[in-house]
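The values are calculated or read from the model by the stated rules, or taken from the named source; none is laboratory data. All values reported here derive from a predicted model rather than from experimental measurement. Here the Cβ is made from the backbone with ideal geometry for all residues, glycine too, and neighbour counts use every protein chain on show.
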Amino acid sequence: MLTQLTLKNFVLVDALDISFDGGLTTITGESGAGKSILLNALGLLLGERARTEVIRPGADKADVSAEFDLTELPRLMARLTEDELQEADETHCLVRRVVSSQGRSRAFINGTPVTTQYLRELGEGLVDVHGQNEHQRLTDRNVQLALLDDYAGLAKSAAQVGALYHTWQSELARMQALLDNEAAAADRKSLLTYQLEELETFNLGDAEFATLETEHKRLSQAHATLASLDKALFTLDELDALRQSAREIESIDDKHADLEAGQATLQSALGLLDDAARDLRHYQDQIVVDPEQLNLVEERLNTAQDLARKHRVDANELPHHTQRLRVELDGIDADASELTELESAVAKHAEAFAKKAQTLSNKRRKAAPGFAAAVSHYMQTLGIKDGGFHLEFSEGEGEQGIDRVEFFVKTNPNFPAGPLTQIASGGEQTRIALAIQIVAAETSALPCLILDEADVGVGGTTADTVGRILRELGNHTQVICITHAPQVAALGNHHFRVVKEGDNTDIHTLDDNLRIEELARMLAGADITDETRTYAQTLLNAAT
């Protein structure tokens, strides 16, 4: 139940603090006074998008808060306790929203910051707001089904069915994605198998390509290499004159340093030349002219280069590329295993959804006649004397189960029933929508129902009937009704008047005397007379 609403710098409100009680609270005021401000403030508190337009001109921020009594909502209290937003023994919850002139918005529950999404989820269990155009919303079949669930107390079961449906569809989408890729994966697997067979048959080893290039180079220039070696070794073999000269210099008997250095260097040079000749001969022995081996090496190199071009990799990378393809092929086989598991999971989720949805469907169909009878009763009570209401079911699998429901109404006994928008006039649609709301709210666990001029278009005896129904509904559900009908306003257990004074909107609690003046104004406008006051008093007396 909503117990307190506090506004500061909100639209035309400077500062406002309103206390609410149970039962039926009526809110009245002249057109343009700002009655919608209360609804806008509650909408902001319950997670609607924040706009800077809600900030009072000249202020730097708007601050809105509301206190709710959660005594009748143990499940909601348990969630807040689990989320560490209140203590286990607390029965009241303070919701606050602050909007800055920079467009930033902050939300709090019991002083702890929360997201607007959390506010929206919380608000769904706190308040149900029905506006002037509720009959337009009722054309939505999802809304129609949700109202039936509210009446039958099946909202929790419907939520469970919705969760099962989303889980099933999520797994189904994953499976479908794998199935969609299955053909492509099969083609890819075939290609990978062929490529791997080709690469693994060729079996190029690590660093083998570089070795092949070295060997190919040596074999292809073997003739030229041998010719160069022969020429060099012939020259090295023709060093007798140099050796003779070295012996002659060695025989000079002088200890001069330059001579000794020259002698040592010359002997060292001759030793190096001998070493070079020996090494070159060893190298020469390894140079083989082998056309057959050269052809084999060339063929393997060409094949490696062809494969490298085909796979668009460097030839040296072929061994690593082969490993990568092997990993990819093994992964495709793993995907096939995942598909098998997914198929089993999807079947399991589908079965769970079907079972729960069928149970929900059975309960809906069992509750539908009672719901229809109750709505028909209220339609007739609200002035549609020959009114009738029933629900038509059809099959339709979705997040709401396996049912589709459409509201059918009859307002004239000479014509068959039909959809709400096709059969009823605008005024009748409003009264039918109100009848449906009342029936759904009678069994709903929602502790607060707010009606924004849902009685528009009705008056006289019908308005009085509407007020009495709402007053009776207030015995177990807090009802806050913004109304222009004096018959409804007179039946409120509590009465507020919204007043616009200059650029400021205020709300006053009305005692019996002030209520008479407000009801007289609603009855006669500015020309209040003793007769209208007397009639206003009569309305109040009749209400009690």
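Only one of the numbered conditions (1) in a loop (DSSP other than H, G, I, E, B); (2) assigned by TED's automatic domain parsing to the domain that holds Ala41; (3) in contact with a helix residue (DSSP H, G or I) (Cβ under 9 Å, 6 or more places away or on another chain) is not met by Asn475, and that is (3). Per the listing Leu266, Leu233, Leu296, the residue uniquely within 30 Å of Glu200 (Cβ to Cβ), in the same structural domain as Glu208 (by TED's automatic domain parsing) and surrounded by 11 or more Cβ atoms within 10 Å (Cβ to Cβ) is Leu296. For segment 34-46, the criterion of being modelled with pLDDT of 85 or more, over 19 Å from Ile507 (Cβ atoms) and of a type outside the set (Asp, Glu) is met by at least one residue. Number of residues in segment 511-537 that are under 21 Å from Asp21 (Cα atoms) and surrounded by fewer than 20 Cβ atoms within 10 Å (Cβ to Cβ): the value is 4.
Each row is one residue, and each column tells you yes or no for (1) in a helix (DSSP H, G or I); (2) among the aromatic types (Phe, Trp, Tyr); (3) at pLDDT below 90.
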site: Gly457; (1), (2), (3): no, no, yes
site: Val466; (1), (2), (3): yes, no, yes
site: His495; (1), (2), (3): no, no, no
site: Asp506; (1), (2), (3): no, no, yes
site: Arg515; (1), (2), (3): yes, no, no
site: Leu539; (1), (2), (3): yes, no, yes
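The criterion of being assigned by TED's automatic domain parsing to the domain that holds Ala304, at pLDDT below 90 and surrounded by 13 or more Cβ atoms within 10 Å (Cβ to Cβ) does not hold for Leu178. Would you be able to say whether some residue in segment 65-73 is exposed (fewer than 15 other Cβ atoms within 10 Å of the Cβ), among the charged types (D, E, K, R) and either assigned by TED's automatic domain parsing to the domain that holds Ile18 or within 20 Å of Leu451 (Cα to Cα) (or both)? Scanning segment 65-73, I find no residue that is exposed (fewer than 15 other Cβ atoms within 10 Å of the Cβ), among the charged types (D, E, K, R) and either assigned by TED's automatic domain parsing to the domain that holds Ile18 or within 20 Å of Leu451 (Cα to Cα) (or both), so the answer is no. For Ala485, the conditions (1) at pLDDT 85 or above; (2) of a type outside the set (Val, Ile, Thr); (3) more than 30 Å from Phe408 (Cβ to Cβ) all hold with the exception of (3). Scanning segment 346-379 for residues that are out of contact with any helix residue (DSSP H, G or I) (no Cβ under 6 Å at 6 or more places or on another chain) and within 16 Å of Leu420 (Cβ to Cβ) yields Ala368, Ala372, Ser376. Among the residues making up segment 202-215, those that are assigned to a helix (DSSP H, G or I) and out of contact with any Leu (no Cβ under 6 Å at 6 or more places or on another chain) are Phe202, Glu208, Phe209, Ala210, Thr211, Glu213, Thr214, Glu215. Yes or no: Ala15 free of Cβ contacts under 8 Å to residues at least 40 places away in the same chain, assigned to a helix (DSSP H, G or I) and under 19 Å from Ile507 (Cα atoms)? Considered against the rule, which asks whether it is free of Cβ contacts under 8 Å to residues at least 40 places away in the same chain, assigned to a helix (DSSP H, G or I) and under 19 Å from Ile507 (Cα atoms), Ala15 comes out as no.
Scan segment 393-418 residue by residue and report those that are in contact with a Pro (Cβ under 9 Å, 6 or more places away or on another chain) and free of Cβ contacts under 8 Å to residues at least 40 places away in the same chain.
If the condition is that a residue be in contact with a Pro (Cβ under 9 Å, 6 or more places away or on another chain) and free of Cβ contacts under 8 Å to residues at least 40 places away in the same chain, then Phe408, Val409, Lys410 are the ones that fit.
Within segment 409-442, the set of residues being modelled with pLDDT under 70, in a helix (DSSP H, G or I) and polar (S, T, N, Q) comprises Thr421 only.
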